[in-house]
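Below: the structure, in structure tokens.
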Amino acid sequence: VVIVICGIPGSGKSYFTRLLYDKLKCNDNNNVSIISFDDYELSKDEWNDETFKINRNKAIYHLHMQLNSNNQKNINSYNIVLVDDIMYLYSMRKQIYLIS
């Protein structure tokens, strides 16, 4: 299961994602993880188009890894990945949709 949280900067995406993570984690049957694209961003000094693409690809790779992990506790468990990003372009959202 992939749950995408997207919106404008400063709108509370990361805060809401952490709250949702805590709520979903309360059920021991759920394997819940967060892919926050903020974790893959660089400082303004290091940022350019090339590093932006490289780091987005790293986040996408980790999303693939989380979705393909087979460490579920039982057949009734869910592998839930919360994706937190601004995704201001349709192509960014579509990429996540195609993966899931």
Discussion item. Can you find a residue that is surrounded by 14 or more Cβ atoms within 10 Å (Cβ to Cβ) and at pLDDT below 85 anywhere in the range 6-20?
Written reply: no
Practice prompt. Sort out which residues of the range 1-45 are part of a helix (DSSP H, G or I), free of Cβ contacts under 8 Å to residues at least 40 places away in the same chain and not acidic (Asp, Glu), and write them in order of number.
Written response: Tyr15, Phe16, Arg18, Leu19, Lys23, Lys25, Tyr40
Discussion item. Regarding the range 67-88, can at least one residue be identified that is assigned to a helix (DSSP H, G or I), open to solvent by 80 Å² or more (accessible area, probe 1.4 Å) and either of a type outside the set (D, E, K, R) or at pLDDT 90 or above (or both)?
Written reply: yes
Worksheet item: Could you list, in sequence order, the residues of the range 32-61 that are under 17 Å from Ile80 (Cβ atoms) and open to solvent by 40 Å² or more (accessible area, probe 1.4 Å)?
Response: Ile34
Discussion item. Any residue that is closer than 22 Å to Lys94 by Cβ and within 11 Å of the chain's Cα centre (by Cα) - is there at least one of those in the range 41-54?
Written reply: no
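The values are calculated or read from the model by the stated rules, or taken from the named source; none is laboratory data. From a predicted model like this one, the values you see are computed outputs, not experimental measurements. Backbone-built Cβ (ideal geometry, glycine too); neighbour counts: all protein chains shown. Only protein heavy atoms, including side chains, enter the accessible area calculation; ligands, DNA and RNA are left aside. Shrake-Rupley method; radii C 1.70, N 1.55, O 1.52, S 1.80 Å.
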